[in-house]
1. Of the residues A259, A250, A225, only one is surrounded by fewer than 17 Cβ atoms within 10 Å (Cβ to Cβ) and under 20 Å from L130 (Cα atoms); which?
2. Assuming I143 fulfils every condition listed in (1) assigned to a strand (DSSP E or B); (2) open to solvent by less than 40 Å² (accessible area, probe 1.4 Å) apart from one, which condition is it?
3. Can you tell me which of (1) closer than 17 Å to A102 by Cβ; (2) of a type in the set (S, T, Y); (3) modelled with pLDDT of 90 or more is the one T248 doesn't meet?
4. Could you please find all residues in segment 341-366 being surrounded by 17 or more Cβ atoms within 10 Å (Cβ to Cβ) and in a loop (DSSP other than H, G, I, E, B)?
5. Do you know which of the residues in segment 60-100 that are at pLDDT 50 or above, open to solvent by 30 Å² or more (accessible area, probe 1.4 Å) and aliphatic (A, V, I, L, M) is nearest to D347 (Cα to Cα)?
6. Report yes if some residue within segment 324-340 is part of a helix (DSSP H, G or I), open to solvent by less than 50 Å² (accessible area, probe 1.4 Å) and at pLDDT 95 or above; otherwise report no.
7. Between residues in segment 344-356 that are closer than 21 Å to T128 by Cα and residues that are basic (K, R), which pairs lie under 9 Å by C-beta distance while being six or more apart or on different chains?
8. Just the residues that are hydrophobic (A, V, I, L, M, F, W, C) and touching a Gly at 6+ places or on another chain (Cβ under 7 Å), please, taken from segment 86-108.
Amino acid sequence: MTRTQKSILIFLFLFASVLGGLAIWLWRGEWQQPLGPALRIPTVTPFELQSTWTPDPEAIAARATSTVDPRSQASPIPIITASVGLCGAAPVMNILAIGTDARGNNYTYGLADVIRLIRVDFVNPKVTVLEMPRDLWVQIPDIADNINGQDHEKLNQAYLYGNPGFGYTDDPAQGPGLLARTLTLNFGTQLDHYAAVNMRTFEKIVNAVGGIDVTLPKGVDGRTATDISKRLLFPAGTHHLDGNRALTLARIRIEGGFARAENQNRVLCALRDKLTSPNTITKIPELIRSFKGAIQTDLSPQQLSQLACIGTQIKSGNIVFATFPSEYFKQTRQYDPVFKKNVFVWDVDFQVLRDYISRFNNGTWPSQTRLPTTQTSSDNEEQTICP
């Protein structure tokens, strides 16, 4: 299934560097009006782990006997005293970015196959992007009355159930709103806004800027026994990719979800480079046509302008993509009453994820490393840092 074009959405704040400059005259008179229904996320207090999850005893023992707990290595929580950040924005903006596998031009159906949390720091210009694994078995609000009392499903299902095709919620923000509330309930995320993009929009964006240049340190071979097409083969080196090829690279997951996320991050870094190049200015009208009416978002023209503004002040290396340490995840299967079969899910201690997300919310994780490479930090999490 195609799943990466939607990842582009996690770079909406960079697209804003193209859209923001034109927002004033594109939406004159509606400068502060959100382009979609705002999130409605109630304050959530910590709750006990669901009985569904039993952490791996060996992993617990290893952490108990270890002399160094990676979670204890967090730097002190920064104290932000400014009431207003650069560009007239709030000090921090948190955005839920969703890439949907919807194949049409609407958002009636579609799973959230790419889920990223974006933290934009307007005081010390920096953007941090965290991947949320889609195959987590989570509690989803509002759905129990619609599926025979069942209130758990995969994380990516929350977006599907909230959109008009199923309509299992009365949340005005529909799929993005239900997914945002699910993330907050299970993991304590802090979210201010959302943006969702489908496959077709991703392809249009890449094509509108004339394609992107992606450098692969090693080859990516997505061929399978049932599909040996050369279109799935990407040798090591630099490739100039159109929208379809960029989508193909980003959706390959033959080496697992973590490797796929890394390829997606490379695609996004390449797109960032293209969007901020001088030659892109001449393509602004085409970009606008690609975006208009093709994204679910509650960002306002004013906020898009603020994101565009801060984008010009972010230093090289201060756009960081992170994933949770893979050592905490174990493959397992969970019986799903909806599909009446066992489905693949990640078995992981939710308290560990909540701890990492708490640090992410505070801006203390991942660390501020500025090397233009993919690396493993002291926390063993993978980081992709755009040069």
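The values are calculated or read from the model by the stated rules, or taken from the named source; none is laboratory data. Keep in mind it's a predicted model, so treat the numbers as computed, not measured. FYI the Cβ positions are ideal-geometry reconstructions off the backbone, even for glycines, and counts take in every protein chain you see. Accessible surface is based on the protein model in full, side chains and every heavy atom, while ligands, DNA and RNA are left aside. Shrake-Rupley method; radii C 1.70, N 1.55, O 1.52, S 1.80 Å.
1. So the residue among A259, A250, A225 that is surrounded by fewer than 17 Cβ atoms within 10 Å (Cβ to Cβ) and under 20 Å from L130 (Cα atoms) is A259.
2. So the condition that I143 fails would be (1).
3. The one condition T248 does not meet is (1).
4. Of everything in segment 341-366, those that are surrounded by 17 or more Cβ atoms within 10 Å (Cβ to Cβ) and in a loop (DSSP other than H, G, I, E, B) turn out to be V348, D349, G363, W365, P366.
5. The extreme case among them is V92.
6. Yes: one or more hits.
7. These pairs meet every condition: V352/R63; V352/R71; D355/R71; Y356/R71.
8. Hit for segment 86-108 is A102, nothing else.
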